[in-house]
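The values are calculated or read from the model by the stated rules, or taken from the named source; none is laboratory data. Computed from a predicted model, the values in this text were never measured in an experiment. Backbone-built Cβ (ideal geometry, glycine too); neighbour counts: all protein chains shown. The area values use the complete protein model at the heavy-atom level, side chains included, leaving out ligands, DNA and RNA. Shrake-Rupley method; radii C 1.70, N 1.55, O 1.52, S 1.80 Å.
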Amino acid sequence: MRFLIPALAILLGACAVERGARLDPDPWRRPPATATQVKKDLLRALEQRDGRGVTRGMMQLSRMGATLSPATQARLAPLLDRSALPHDWRPAGPLAEAFAHNFSFNERNVEGSGLVAEIPADHRLIEGVAIDPVTGRLFAGSVVDRTLLVRDGGTWRPVPVSAPLGGIFGLAVDSKGRRLWAASAVAEVVPGPETAFSGLVAFDLDGLREARRVPTPGFQPGDVAVAEDGTVYASDPRSGAILRCRPGCAATEILVPPGILRSPQGLVAWPGGRRLYVADYELGLMAIDLGSLRIRPLVARKPVMLDGIDGLVRLGGKLVAIQNGTRPTRIVSIYLNRQGRIVEEVRVLEQGVAGEPTLGTMQGGDLFYVADAQWESYAPGGHLRAGSAQRPTPIRRVGADDIVLTASNPRGGRPYVR
């Protein structure tokens, strides 16, 4: 669910500080620039005809594993300034050719997954997916049809509900409580918003029926995560809020008020109950200390892209992220240090494969994910855009330990500008 909040909401940060949660800079390291920020700086340098700024921006993006279109590179090429690069970054040949090689190298397709299932085209705009670890049943949520789907014997059917839902976005399984939690919300593409429920919905995994609802007045949850004790966390990408529903709650509480984060997406409740990781689409990865409510950006030892993350899950001591806000789109494993504050390495599992990946779930050592949500096909109200056609939605699986390439030192060759 990729919505950025209006700029006005950023001004509400003072209210957020009064309520306890606060975004703190790392006390001993500067957080790395995100690809989003570097591209903004690059555009500013282009407008100002700042050759050194253009050159440094292109170098940063190249090292992160990002790309620029050939048309953009052609606009930037006349401003390139070799003197802006460190000596060990200066190629022997033309600088524009070296960067073109780098960006082409970064953008190559890497397919590491296999097809698990296809959801028929008449189920529209599938965003999230989940697996019951006991039965192996596969679940998926439709945003436009406002339904939770379950696959039984190869056939997809809706799970019964007590009243209309909203668009179904993130899904998360509470294995101990035998519940599947879904984020139900109103978005521009959701038809009939006046009848749509906004909040968290729990489904009984054994009876395959709705168990309870927790409304979120004023908020539209986009993704969910369940902690070991059954606490449910939800992100609202439009307001920037993070909500919490403790076991048995009748209503959610605001963990992070609007105005601190820009567009929170996937969440991971870390074992032990002390930390919540949040992927902010614009700001990158954030760690929330659930005791002090301090929010700190993760820092990386090497330049990497940590923004543009939609789906976020955990496998052991690492995070697995689905990046659809980067060029190229990709799925990566993010290795953390023992304290969980530093990104030691990012390894690419899949990259640039056709379609728009959104959310996923871990089962064993594999990531099951929605490989082509088709957001681009739908207009407000859920109408199909002119010239678009509904396609089946593929659910794919990639081994989260199947290292295809290391983002900071790719296999199969090396760029000229390093």
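Counting DSSP beta bridges with both partners in the range 202-352, what percentage is antiparallel, nearest 5? Once the DSSP bridges in the range 202-352 are tallied, antiparallel ones form about 95 percent.
Each peptide in 358-371, 266-279 gets a packing score, the mean of other Cβ atoms within 10 Å over its residues, and the list from highest to lowest is 358-371, 266-279. Model label sites at Arg90 and Arg108, defined 7 Å from Cα along the beta-carbon direction, differ in position by 2.9 nm.
Just the number, please: percent antiparallel of the DSSP beta bridges in the chain, rounded to the nearest 5. Show your work: numbers first, answer last.
Values: 94 of 98 bridges.
Roughly 95 percent of the beta bridges in the chain run antiparallel, per DSSP.
Sort the following peptides by mean Cβ neighbour count (other Cβ atoms within 10 Å, averaged over residues), highest first: 207-215, 160-168.
160-168, 207-215
Full extension of the segment from Arg44 to Gln339, taken as 0.36 nm per residue of separation minus the current Cα-Cα distance, would add 102.5 nm.
Only helical runs count toward this figure. For the chain, summing -39,500 (n - 2.57) over DSSP H runs of n ≥ 4 and dividing by all residues gives -4000 deg cm²/dmol at 222 nm. Using C-alpha pairs under 8 Å with a sequence gap of at least 6, the mean separation divided by the residue count of the chain gives a relative contact order of 19 percent. A Förster radius of 22 Å, combined with the Cβ-Cβ distance separating Arg178 from Arg246, puts the computed FRET efficiency at roughly 0.75.
Carbon and sulfur together cover what percent of the accessible area of the chain at a 1.4 Å probe radius? Provide the component values of the computation, followed by the final result.
On the way: 8710 of 17230 Å².
C and S fraction of accessible area: 51 percent.
Of all aspartates and glutamates in the structure, the ones whose alpha carbon falls short of 18 Å from that of Lys302, not counting any fewer than 8 places away in one chain, are Asp26, Asp88, Glu344, Glu345. In vacuo Debye scattering of the chain, one point per C-alpha: log10 I(q)/I(0) at q = 0.10, 0.11, 0.12 Å⁻¹? For the chain, the Cα-only Debye profile gives -0.67, -0.81, -0.96. Let me have the relative contact order for the range 262-372, percent, based on Cα pairs under 8 Å that are six or more residues apart. Rounded, it is 18 percent for the range 262-372. Using the Cβ-Cβ distance between Arg274 and Thr135 with R0 set to 35 Å, the FRET efficiency works out to roughly 0.65.
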